[in-house]
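*Asks:* First, the structure itself, so that you have it in front of you.
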Amino acid sequence: QVQLVESGGGLVQPGGSLRLSCVASGSIFSIAVMGWYRQAPGKQRELVASISYSGSTNYADSVKGRFTISRDNSRNIVYLQMNSLKPEDTAIYYCNLKLNGNVWGQGTQVTVSS
């Protein structure tokens, strides 16, 4: 059974940076689509970025040019580098593995505030 564990969240000032990491157990990581989603209070969960097994990426318009998703298939890790953070980026960020279904991590809180 695949499990996902996120880390790297925290409190950062506007304009700052954070890097989220998600480690996956199991052998299917290298063929799965990996994604980062976020959910702010009172809002629906939304896709932030995704990356295919071959490295093709997709971003929400609100984070294009600021966030970068990457993966290391040899270590079963997916990253989300977040730069130029804004208060509206505040949310719980969830790692997602998609392969014949969805697996979710427990989430990590990102708070952007001065």
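The values are calculated or read from the model by the stated rules, or taken from the named source; none is laboratory data. Computed from a predicted model, the values in this text were never measured in an experiment. Because the Cβ atoms are built from the backbone with ideal geometry, glycine has one as well, and the counts that use them run over all protein chains shown. Just the protein is used for accessible areas: all its heavy atoms, side chains included, with ligands, DNA and RNA removed. Shrake-Rupley method; radii C 1.70, N 1.55, O 1.52, S 1.80 Å.
Residue-wise test of (1) part of a loop (DSSP other than H, G, I, E, B); (2) open to solvent by 60 Å² or more (accessible area, probe 1.4 Å); (3) touching a residue at least 24 places away in the same chain (Cβ under 8 Å).
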residue: GLN44; (1), (2), (3): yes, yes, no
residue: VAL48; (1), (2), (3): no, no, yes
residue: SER54; (1), (2), (3): yes, yes, no
residue: ASN58; (1), (2), (3): no, yes, no
residue: VAL63; (1), (2), (3): yes, no, yes
residue: THR68; (1), (2), (3): no, yes, no
residue: ARG71; (1), (2), (3): no, no, yes
residue: SER74; (1), (2), (3): yes, yes, no
residue: LEU80; (1), (2), (3): no, no, yes
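*Asks:* Looking only at segment 48-93, which residues are aromatic (Phe, Trp, Tyr), over 11 Å from MET34 (Cα atoms) and in contact with an Asp or Glu (Cβ under 9 Å, 6 or more places away or on another chain)?
*Replies:* Hits for segment 48-93 are PHE67, TYR93.
*Asks:* Report, ordered by the first and then the second residue, all pairs with beta carbons closer than 8 Å, sequence separation of six or more or different chains, a first member in segment 89-103 that is closer than 21 Å to GLY8 by Cα, and a second member that is of a type in the set (Phe, Trp, Tyr) and outside any strand (DSSP E or B).
*Replies:* Going by the 8 Å Cβ cut-off, the qualifying pairs are LEU97/PHE29.
*Asks:* Related question: Against the condition open to solvent by less than 40 Å² (accessible area, probe 1.4 Å) and under 22 Å from VAL2 (Cα atoms), how does VAL110 come out, does it pass?
*Replies:* no
*Asks:* Before we move on, is ILE31 farther than 23 Å from VAL12 by Cβ and among the β-branched types (Val, Ile, Thr)?
*Replies:* yes
*Asks:* What is the residue count in segment 1-18 for residues that are touching a Lys or Arg at 6+ places or on another chain (Cβ under 9 Å) and either surrounded by 14 or more Cβ atoms within 10 Å (Cβ to Cβ) or among the small types (Gly, Ala, Ser) (or both)?
*Replies:* 2
*Asks:* Just need a number here: residues in segment 19-41 that are within 22 Å of GLY55 (Cβ to Cβ), open to solvent by 30 Å² or more (accessible area, probe 1.4 Å) and either among the hydroxyl-bearing types (Ser, Thr, Tyr) or part of a strand (DSSP E or B) (or both).
*Replies:* The total comes to 7.
*Asks:* Next up: When only residues in segment 1-18 that are part of a strand (DSSP E or B) and β-branched (Val, Ile, Thr) count, which is nearest to ARG71 (Cα to Cα)?
*Replies:* Result: VAL5.
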